[in-house]
Amino acid sequence: MLRDMLEDIRKRVESSLDALSKQAPDQAAPLISAVQGFAEQLMVVAAGILEWSTNAGQGVARPVKELVPSQVRELGLASKRDLEALAARVAHLEHAAGTGASKSHGDHAGSKSGAGSGSKGKGSAGGDAG
């Protein structure tokens with residue numbers, strides 16, 4: 001957006017300079033020189049603003065990147081790494097228990113062995129409590 005504005009300003013200055021140079025070259029020369037100097041200064045200022053906005057964006061992004069993980073931990077939310085570790089642990093426990101069938105491998109495996117393994121899992125946990 002800023003680059004478009006700069007381009008628009010540059011085009012307007014150039015068209016104004018062309019119009020002035022066609023009217024009275026002797027009288028317009030000092031004015032043209034002053035306008036060209038102003039246009040160059042304006043471009044330098046605009047480039048500085050563009051650089052500042054880039055740095056400001058990076059300055060905001062850095063603290064946010066540091067703040068978000070700490071807030072996730074503080075809220076007690078599970079991270080992707082936590083979920084992957086949990087999935088691996090569940091898969092290991094299922095394999096160790098002899099079920100071996102993972103529900104993520106397909107619907108037919110889940111419906112056939114899921115009923116049997118689900119009743120065993122619930123029976124052992126629920127049977128001890130009741």
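The values are calculated or read from the model by the stated rules, or taken from the named source; none is laboratory data. The structure displayed is predicted, hence computed values, not measured ones. All Cβ positions, even for glycine, are placed from backbone atoms using ideal geometry, and neighbour counts span all protein chains on display.
Given the structure, is R3 exposed (fewer than 11 other Cβ atoms within 10 Å of the Cβ) and at pLDDT 80 or above? Before you say what the answer is, go through the steps one by one.
Details: exposed (fewer than 11 other Cβ atoms within 10 Å of the Cβ): yes; at pLDDT 80 or above: no.
No; evaluated as a whole, the condition is false for this residue.
Cβ-Cβ below 9 Å, separation at least six or inter-chain, first residue in the stretch 26-43 and under 19 Å from K11 (Cα atoms), second surrounded by 13 or more Cβ atoms within 10 Å (Cβ to Cβ) and among the acidic types (D, E): which pairs?
Once the first residue is under 19 Å from K11 (Cα atoms) and sits in the stretch 26-43, its partners that are surrounded by 13 or more Cβ atoms within 10 Å (Cβ to Cβ) and among the acidic types (D, E) give A39/E14.
Checking the structure you have, find out if any residue of the stretch 35-52 is acidic (D, E), assigned to a helix (DSSP H, G or I) and either on the phi > 0 side of the Ramachandran plot or surrounded by 10 or more Cβ atoms within 10 Å (Cβ to Cβ) (or both). Show your work before the answer.
Residues of the stretch 35-52 that are acidic (D, E), as a first pass: 40, 51.
When the remaining residues are screened for being assigned to a helix (DSSP H, G or I), the result is 40, 51.
With either on the phi > 0 side of the Ramachandran plot or surrounded by 10 or more Cβ atoms within 10 Å (Cβ to Cβ) (or both) added as a condition, the list becomes 40, 51.
Checking the stretch 35-52: at least one residue is acidic (D, E), assigned to a helix (DSSP H, G or I) and either on the phi > 0 side of the Ramachandran plot or surrounded by 10 or more Cβ atoms within 10 Å (Cβ to Cβ) (or both).
Would it be correct to say that A61 is part of a loop (DSSP other than H, G, I, E, B) and modelled with pLDDT under 90? Break it down stepwise before answering.
Numbers: part of a loop (DSSP other than H, G, I, E, B): no; modelled with pLDDT under 90: yes.
No; evaluated as a whole, the condition is false for this residue.
Out of the stretch 51-91, which residues are more than 30 Å from R3 (Cβ to Cβ) and among the small types (G, A, S)?
First, the residues of the stretch 51-91 that are more than 30 Å from R3 (Cβ to Cβ): 66-91.
Matches in the stretch 51-91: S70, G76, A78, S79, A85, A87, A88, A91.
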